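Where a number appears in this text, it was derived from the coordinates with a stated rule and is not lab data. Nothing here was measured: the structure is a model prediction, and the numbers come from that model. Every residue, glycine as well, gets a Cβ built from its backbone with ideal geometry; the counts of neighbours run over all protein chains shown.
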């Protein structure tokens, strides 16, 4: 985000928008796609740093640094929606909500996850 502000201040609006979009892309991608994005960020950061403006140089260093982190650590970082959603032990209330999400009636004994299966 700081890199986007630096590029914006240096007048490199397209690079600033790319920096902002890469924040969302890093969270949404995983595996090889995240590493490819990291490599792209390294190239963009280095190219932007050669524009000569001190804010662009600072932004380029930040973007290239984040690209290096994505290439090196990208495979270990969680993808969006994956972190913190570990399955817990049977919870009757959670089971009832899941039944409702599936379209089942959790109070009907004849449906999967109905009242008789929770007893």
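The table below gives the values:
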| item | result |
| --- | --- |
| Residues 51, 22, sorted so that the one with the fewest Cβ neighbours within 10 Å comes first | 51, 22 |
| Label-point gap, in nm, between residue 20 and residue 75 - each point 7 angstrom along Cα→Cβ | 3.4 nm |
| Additional length obtainable on full extension of the chain from residue 61 to residue 108, 0.36 nm per residue less Cα span | 10.9 nm |
| Gain upon complete extension [residue 36, residue 54; 0.36 nm per residue less C-alpha separation] | 3.8 nm |
